[in-house]
Amino acid sequence: MKLLLLLVANAAVLWGLYRWLRVQRQLPGLGYFVLPTLALRLVAGAVSTIRPTDDAWYYHSWAALMAAQQRQAPAQWLRMLAGDEFHFGEQALVFHGYSNTFFFIKLLSAFSWLTGDVLLLQALYLSVAAFGACWLLVRVLAQLFPGTRGGAVLSLLLWPSALYWSSGVTKESLLLAGSALLLASALMLLYGPAGSRRGWWALGAVLGTWLSFKMRFFFGGALLAVLLAVAVVYFASQLGGPWRRRWQVLLLLALLGVGARVAGEISPVFRFNKFASQLTRTYSALRQKSLGRPHVALPELAPTAESILTHTPKAIASTLFRPFAWEGDTVFYGFAALENLGLLLLALLAAADWARRRGAPLPFLVALALLVYCLLMAALVGLSTPNLGTLSRYRAPWLPLLVYVLLAQPTAAGLLRRLRIFTPG
């Protein structure tokens, strides 16, 4: 019976995917990207199961035990979903308070009827989830800002490290899915044409927010805060006429500052003292495991505002541009250094465009919001994660957004237009 359900369920999913792909292939200017980019995502997910990481195997193993409980003691499994402890036979898994790891394992077990507790199927389904949300965001960006279509495809569907680290049995797969869904929905609500199914987009925003918060609280919280600030600036400019860029920057940053202060009063989690203490403790613990290898060295980092602000530029630069070509002696470091060199060149081109105040096909407010969000994430990751391999994985859910902003600037966008494959149809 279990095998029959597995076969029927997966056959239904394949049929639905086939019908969806037929529709997507008809999209003008985008349709020919859907099959190759989906194939790349699936290959990346499958490759990740050949030598799964310790984390992936950990998630898979505990999810299999939970799935066994689901079949043998469904009432006990349902009670476990609402708690922080798992007990089954002689096995136990206990978390004190909310854990995104525990949530992820629960989610894997909940879909065991579809994956059959097979690591490869879990990896493929998570890869499809990440791809589906990214494809939706690409469609939204191409519709609202047609001149950035090539950059959207390249950054969200083809950027190497993001493609690799957000495929397979990783929390980054679902974090990317949630973030892309939230951003796509928010942009359609703000910039979409009248009558564009706003109810569905509002539902998408809620689902994307929930998934982002569940997978990484601070990542999801920062994205939601930035998008809410964007909404305020957008509606304020609509009421009072176009605002100069400097006033948009000042109002956006002021709103984020006030929001952070209010959040700290509402919940101790957001208070600076607690946040800074947790940040430095995490860095110190991970730094001990990174000694002897290339890592982000912040030896004088302390849980004070002055220390954190002093080390933030180095943390951001390390997150975005390391490892360098001369660091490390493995294939991983070589490919990562090559990608980071490309990212640095894009950043230099964008900086030159900004200095010359050249017009871009992306609205300034959207570019500003995505840039602020990505820099916040780069600072957070760099200040807490010294290991360059882990750092590369943690930046996968938001790095495509930064690459998109850089590719949407006039020089890079012009280069993409010269490639006939990216020429708007």
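Key figures for this structure:
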{"read-out": "For the chain, with +1 on Lys and Arg beta carbons and -1 on Asp and Glu, the positive-most of 275, 286, 210 along the dipole", "value": "210"}
{"read-out": "Value of [θ]222 nm, deg cm²/dmol, for the chain, DSSP H segments ≥ 4, -39500 (n - 2.57) each, nearest 500", "value": "-24000 deg cm²/dmol"}
{"read-out": "Neighbour cut-off at most 12 other Cβ (10 Å), DSSP loop, chymotrypsin sites (Phe, Trp or Tyr not before Pro), segment 44-134", "value": "98"}
{"read-out": "At most 15 other Cβ within 10 Å, DSSP loop - trypsin sites (Lys or Arg not before Pro), segment 102-207", "value": "197"}
{"read-out": "Average accessible surface area per residue within the chain, 1.4 Å rolling probe, Å²", "value": "49"}
{"read-out": "Unit charges on C-beta of K, R, D, E only; dipole of the chain, Debye", "value": "1160"}
{"read-out": "Heavy-atom accessible surface of the chain: percent carbon and sulfur, 1.4 Å", "value": "68"}
{"read-out": "Within-12-Å neighbourhood charge of residue 157 [Cβ basis; K, R +1; D, E -1]", "value": "+3"}
{"read-out": "Contour minus Cα-Cα distance for residue 21 and residue 272 (0.36 nm per residue)", "value": "85.7 nm"}
{"read-out": "Full-stretch length increase - residue 307, residue 47 - with 0.36 nm per residue and alpha-carbon distance subtracted", "value": "89.5 nm"}
{"read-out": "Pairwise centroid distance, computed over Cα atoms, of segment 142-168 with segment 219-265, Å", "value": "25"}
{"read-out": "Most positive-pole-ward Cα, 58, 361, 119, against dipole of the chain from beta carbon charges", "value": "361"}
{"read-out": "Computed lengthening from residue 4 to residue 325, 0.36 nm per intervening residue step minus Cα-Cα distance", "value": "110.4 nm"}
{"read-out": "Whether the chain is rounded, prolate or oblate, judged on the alpha carbon gyration tensor where a/c under 1.5 counts as rounded", "value": "rounded"}
{"read-out": "Fluctuation leader among 161, 290, 392 - the chain, Gaussian network, Cα springs under 10 angstrom", "value": "290"}
{"read-out": "Listed residues 172, 90, 85 arranged by accessible area, highest first, probe 1.4 Å", "value": "90, 85, 172"}
{"read-out": "Trypsin sites (Lys or Arg not before Pro) within segment 279-372: DSSP coil, no more than 15 neighbouring Cβ in 10 Å", "value": "356, 357, 358"}
{"read-out": "Mean Kyte hydropathy of 1.0 or more with a Cα span along the axis of at least 20 Å, helices from DSSP in the chain", "value": "2-24, 31-47, 119-144, 171-191, 217-240, 245-266, 331-355, 364-384"}
{"read-out": "Local electrostatic count, residue 408, Cβ distance below 13 Å [Lys/Arg +1, Asp/Glu -1]", "value": "+2"}
{"read-out": "The chain: most fluctuating residue of 286, 380, 17 per GNM, C-alpha cutoff 10 Å", "value": "17"}
{"read-out": "At R0 = 22 Å, FRET efficiency that the Cβ-Cβ distance of residue 293 and residue 375 yields, to 0.05", "value": "0.30"}
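The values are calculated or read from the model by the stated rules, or taken from the named source; none is laboratory data. Keep in mind that what you see is a predicted model, and the values were worked out from it rather than measured. Please note: Cβ atoms are built from the backbone with ideal geometry, for glycine as well, and neighbour counts cover all protein chains shown. Keep in mind that these areas ignore ligands, DNA and RNA; they rest on the heavy atoms of the full protein, side chains included. Shrake-Rupley method; radii C 1.70, N 1.55, O 1.52, S 1.80 Å.
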